[in-house]
Amino acid sequence: TDRYIVDMQNTLVARNKNALQALNYSPGVIVGRNNIITLNGKDHVIVMLNGRKMNMTQSHVSSFLSSLRGDDIERIEVISAPGAQYDSEGQGGVIDIYLKKSARRGISGSVYSTQDQAHYLSPSVGTSLNYGIDKWTLYGSMGYRLRRNFTRLSERISYPTALETQTSSERNESSGDTYNYRGGVQY
């Protein structure tokens, strides 16, 4: 009763999307400007992966989620009013993403590439590889994202009693590279 559970494995909304884009299909979750994740309009959201808190900054969590395929998500649990068992920093809520468990034998993998554009192009590429034998699975993935941001702000203030006008403008550009690595063993 304290959470929404979104079953992603039996739906087409996650197909050909990354995990960050798939979050937009969860009730109350919005991935907004600069990939800031909010829940019911509140920030300070705890993002968890398979029941474990991701101890990363908001921008690193967003970059990591954009490197995961939406097809690999089993379900997303959205807790808008978290209890005392969660940190006080999760005042905005908790989003817990559960990945599918691989029961495949042998080697499987994928390669992806995405392209976002606002003012500048922001490409990302990545790959994942799984090796399953009996009940064991070794997995790993890596991704790269080039992020370029552009902001332009103009302001004009008129003072009719003083017969003067004040004008200001600001232009900001930033860019950065993000590398994501993930690996592990599953039994």
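Any residue at all in region 141-148 that is surrounded by fewer than 17 Cβ atoms within 10 Å (Cβ to Cβ), at pLDDT 80 or above, within 23 Å of GLN9 (Cβ to Cβ) and under 20 Å from the mean Cα position of the chain (by Cα)? Checked region 141-148: no residue is surrounded by fewer than 17 Cβ atoms within 10 Å (Cβ to Cβ), at pLDDT 80 or above, within 23 Å of GLN9 (Cβ to Cβ) and under 20 Å from the mean Cα position of the chain (by Cα). Taking GLN58, is it open to solvent by 30 Å² or more (accessible area, probe 1.4 Å) and either under 30 Å from ASN172 (Cα atoms) or small (Gly, Ala, Ser) (or both)? It is true that GLN58 is open to solvent by 30 Å² or more (accessible area, probe 1.4 Å) and either under 30 Å from ASN172 (Cα atoms) or small (Gly, Ala, Ser) (or both). When we screen LEU49, LEU68 for residues that are under 18 Å from ARG182 (Cβ atoms) and under 11 Å from the mean Cα position of the chain (by Cα), the only hit is LEU68.
Filtering THR151, THR167, THR178, THR161 for residues that are in a strand (DSSP E or B), over 30 Å from ASN40 (Cα atoms) and either open to solvent by less than 40 Å² (accessible area, probe 1.4 Å) or out of contact with any Asp or Glu (no Cβ under 6 Å at 6 or more places or on another chain) (or both) leaves a single hit, THR167. Taking region 1-114 and the strands (runs of 3 or more DSSP E) fully enclosed by it, the elements with 3 or more residues that are of a type outside the set (S, T, N, Q) and either at pLDDT 85 or above or touching a strand residue (DSSP E or B) at 6+ places or on another chain (Cβ under 6 Å) (or both) are at 4-7, 29-31, 45-49, 73-79, 93-99. Cβ-Cβ distances below 8 Å connect the following pairs, each with a first residue in region 161-181 that is more than 30 Å from ARG145 (Cβ to Cβ), a second residue that is aliphatic (A, V, I, L, M) and open to solvent by less than 90 Å² (accessible area, probe 1.4 Å), and a separation of six or more residues or different chains: THR165/ILE157; GLN166/ILE157; THR167/ILE157. All of LYS17, LYS42, LYS53 fail the test of being buried (at least 17 other Cβ atoms within 10 Å of the Cβ) and among the charged types (D, E, K, R), apart from LYS17.
Residue check: GLN91 meets all listed conditions (1) touching a His at 6+ places or on another chain (Cβ under 7 Å); (2) of a type outside the set (Val, Ile, Thr); (3) surrounded by fewer than 10 Cβ atoms within 10 Å (Cβ to Cβ) but one, namely (3).
The values are calculated or read from the model by the stated rules, or taken from the named source; none is laboratory data. This is a predicted model, so every value here is computed, not measured. Because the Cβ atoms are built from the backbone with ideal geometry, glycine has one as well, and the counts that use them run over all protein chains shown. Side chains included, ligands, DNA and RNA excluded: accessible areas come from the protein's heavy atoms. Shrake-Rupley method; radii C 1.70, N 1.55, O 1.52, S 1.80 Å.
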